[in-house]
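Peer 1: Sharing a structure, written as C-alpha cells. Questions coming.
The values are calculated or read from the model by the stated rules, or taken from the named source; none is laboratory data. Here the structure is a predicted model, which is why all the values come from computation and not from measurement. Remember, those area values only see protein heavy atoms, side chains included, never the ligands or the DNA or RNA. Shrake-Rupley method; radii C 1.70, N 1.55, O 1.52, S 1.80 Å.
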Amino acid sequence: RDESIRLGEQYGKMPTEQAKAFYQIISSGVTDATKATELLDEANKLSVGGMADLFQTADALTSILAAYGDKVKSVSDVSDILFTGTLAGKTTIDELAGSIGRVSPLAENAGVSFDELVASISALTLSGISTQESITGVRAILSSIIKPSKESSDLARQLGIEFNAAGLQAKGFGEFMRDVTARTGGSSEAISLLFGGVEAIVPALAFAGNAGKQFADIMGQMETRAGSTQTAFEKMAASPGFKIDQLMAQI
C-alpha cells in the first residue's frame, strides 16, 4: 500500500494503477517485496518515458525476465533494449510490450539474445509490417529453423546451410539470416522452401532485403542503449503535463 502511494506520487500514476501493476509482478513469481518494488520502479520509468500503459510495461518486463532469466543483464537493460527498439522501428512501447511475450520464450530457447529479438521485430516494422505481424513472423521463422521440414533440411544440406537450432545458436540471428541470403542468392523460391509456412515466408524474404540491413543498423544502436530509458523519463518528467499528473496522484 505504502509503495503504491509513493510510486504513484513519484511517477504521476494513480495508486490504483500501481497496485494493479504490483499484483501482476507478484503473480509472475517475484514475491520479494524489495525486488518487486525495484521492478515496478523500472516499469514506471519505461511507462513515462515511452508514454505507455504501466500494466503493459510491468507485464512485459516480468515476461521477458521469466523467459531469459540470467541471460539478461538487469531489468533496466531489458527496458533500455525495448526503448531503443521502439525508437529505431515503427512501433511503440505499448505494441511491443503487449505482444513480445508470445515469442520471447521461443527466442530464448533458440539461443536468440533479447536485443537481437527486439532488433529483428523493429527491422520488420520498418518494412511496413505491423508490430503484431512482425512478432508472429519472427516466431514463425524461429519455429521453421528449430523444427525444419524434410524438404527444408534437404535443400539446406544442398546449399551447405546448417538449418537448425545449433546453426542459429552458433551464428546468431543476424549472421544466420545473412548466410541464408548469401547461399540462396536471395532466391524467393529457395527461401520459401526453406522456411515453409506462409507466416515465415514474408518476414524471411524481408530479411533477405532491406530488413537485413536495418537489423544490422539497429544492433549498432543497441550498443549505446545504456541509460536510454532514464534519459527519456527525465525529459518527460520536466514537462508541465507530468507535473500535473504528479499533483493529481498526490490528491
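Peer 1: Could you state the accessible area per residue of the chain in Å², with a 1.4 Å probe and every protein chain left in place?
Peer 2: Roughly 46 Å² per residue, with all protein chains present.
Peer 1: If you take the Cα atoms of the chain, find Rg, then find the Kirkwood Rh from the mean of 1/r over all pairs, what is Rg/Rh?
Peer 2: That ratio equals 1.04.
Peer 1: In the full protein assembly as shown, how much of Ile161 is accessible to a 1.4 Å probe, in Å² to the nearest 10?
Peer 2: 10
Peer 1: Kindly provide the helix-only [θ] at 222 nm of the chain, computed as the sum of -39,500 (n - 2.57) over DSSP H runs of four or more divided by all residues, to the nearest 500 deg cm²/dmol?
Peer 2: Only helices count here, giving -23500 deg cm²/dmol.
Peer 1: On to the next question. For region 112-231, with all protein chains present and a 1.4 Å probe, just round the carbon and sulfur fraction of the accessible area to a whole percent.
Peer 2: So the carbon and sulfur contribution to the accessible surface is 51 percent.
Peer 1: Next question, about the same structure. Cut-off under 25 Å on the C-alpha distance; same-chain residues fewer than 8 positions from Lys147 excluded. Which lysines are left, in chain and number order?
Peer 2: Result set, ordered by chain and number: Lys71, Lys171.
Peer 1: Now a separate question. Could you pull the accessible area for Asp217 with a 1.4 Å probe, rounded to 10 Å²?
Peer 2: Using a 1.4 Å probe on the heavy atoms, I get roughly 100 Å².
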